[in-house]
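Taking it in order: structure first as structure tokens, then the write-up.
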Ligand SMILES: [Zn+2]
């Protein structure tokens, strides 16, 4: 096994190593095995490091079968295997992981100390970090209290120590949760506050975590998934949110503390305007229906439009038959390469609009449905709307 430099000193950012082996994996990806490495492989909830080996990019680092594989963007030009190669870690990425990971220990311990909520899951994501707490409820006050305690531990800048111990020695430490590892157990300790088995990388003192901010939480079955950020992420996300808020303040013409009310007022006035619009549209349709009835002598209404939706045709047909129960109405709209139509009749009539529609649709390879009083459908514009209207009227006469 390669020497794990990230355990000897998590602050190592550059080192030299001998390449023991270089090979392609089953998928053809190039990977190298070194005699010692500061590249942290994915594990324990912490993502892998990236960086450079010689002038090749390290894209991924995985530990498997007792070896650490460094996946490269292209193979190393190895002229002489005895020559050590220079390696550098992407420190910004790694230190971010150290901050998030140590922050997780602190926050999990805070929830444990205050409410005995155990952490049963942990994910270090690109945007946020999540922990799963073994509880069905978490109140705003509890979250705030845990955040306050966690930030107090950061402010006190307590040491973060690591210790390798045996299973027998476990009894000497008040572990927050049981470890899965049985020998060569690595403890991460914040004296007087947290004792936890962990294989990840952490800063040497809690102050380096800088800050912990809880973002949100949600109940999931029998647990609560809580997301938070630490360190630089707090500053970066605060900056992003501030930008958004300033833009919104301008758009809404309201300072931050009045924004919610401003949006509520805006939504209410939109709703009122929509209602008003709906009323006007209904009025216009009623007028249109009356005009159609006037023009066509009240027994049979037929009209052809351009680019009206089937919904509009339906509404108009309903208005016509409501105005005069003795009327049959056939409305067609020419919409690009489609013809849409509605066939309807008033209560006082008896012919089947479904039948008329079905016969008509055969002429234009169409599809549709409905009942004896109201039917609608559409088909191909292989004739004009006027021509189709003539045909419907012929069909209606003979049904
Ligand atoms: Zn850890």
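One line per residue, one yes/no per condition, for (1) under 28 Å from the mean Cα position of the chain (by Cα); (2) within 16 Å of the ligand (Cβ to nearest atom); (3) exposed (fewer than 12 other Cβ atoms within 10 Å of the Cβ); (4) under 29 Å from residue 5 (Cβ atoms):
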residue	(1), (2), (3), (4)
170	no, no, no, yes
183	no, no, yes, yes
187	no, yes, no, yes
191	no, yes, yes, yes
207	no, no, no, yes
236	yes, no, no, yes
241	yes, no, yes, no
251	yes, no, yes, no
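Residues in segment 36-55 that are away from the ligand (no atom under 16 Å from the Cβ) and at pLDDT below 95 were compared, and the one that is farthest from residue 1 (Cα to Cα) is 55. Which members of segment 336-367 meet the condition of being under 16 Å from residue 384 (Cβ atoms), free of Cβ contacts under 8 Å to residues at least 40 places away in the same chain and surrounded by fewer than 18 Cβ atoms within 10 Å (Cβ to Cβ)? Residues satisfying the conditions are 363, 365.
Applying a threshold of 9 Å to beta carbon distances and a minimum spacing of six or more residues, or different chains, the list of pairs starting in segment 187-212 at a residue that is more than 28 Å from residue 63 (Cα to Cα) and without any contact (Cβ under 8 Å) to a residue 60 or more places away in the chain and ending at one that is within 14 Å of the ligand (Cβ to nearest atom) and not in a loop (DSSP other than H, G, I, E, B) reads 191/161.
If you go through segment 73-124, how many residues are more than 16 Å from the ligand (Cβ to nearest atom) and within 30 Å of residue 35 (Cα to Cα)? Break it down into steps so the answer makes sense when it comes.
First, pick out the residues of segment 73-124 that are more than 16 Å from the ligand (Cβ to nearest atom): 73-93, 113-117.
Those still in the list that are within 30 Å of residue 35 (Cα to Cα) too: 73-93.
So the count comes out to 21.
Listed here are the residues, each with its yes/no results for (1) under 30 Å from residue 121 (Cβ atoms); (2) at pLDDT 95 or above.
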site: 11; (1), (2): yes, yes
site: 16; (1), (2): no, yes
site: 32; (1), (2): no, yes
site: 60; (1), (2): yes, yes
site: 65; (1), (2): yes, no
site: 78; (1), (2): no, no
site: 88; (1), (2): no, yes
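Taking the condition touching a strand residue (DSSP E or B) at 6+ places or on another chain (Cβ under 9 Å), more than 16 Å from residue 377 (Cα to Cα) and free of Cβ contacts under 8 Å to residues at least 12 places away in the same chain, does residue 247 pass? Let's see the steps before the verdict.
Details: touching a strand residue (DSSP E or B) at 6+ places or on another chain (Cβ under 9 Å): no; more than 16 Å from residue 377 (Cα to Cα): yes; free of Cβ contacts under 8 Å to residues at least 12 places away in the same chain: yes.
No: the conditions fail for residue 247.
Out of all the residues in segment 209-226, which are away from the ligand (no atom under 16 Å from the Cβ) and within 30 Å of residue 4 (Cβ to Cβ)?
The answer is 210, 211.
The values are calculated or read from the model by the stated rules, or taken from the named source; none is laboratory data. Treat the numbers as computed from the prediction; the structure is a model and nothing was measured. FYI the Cβ positions are ideal-geometry reconstructions off the backbone, even for glycines, and counts take in every protein chain you see.
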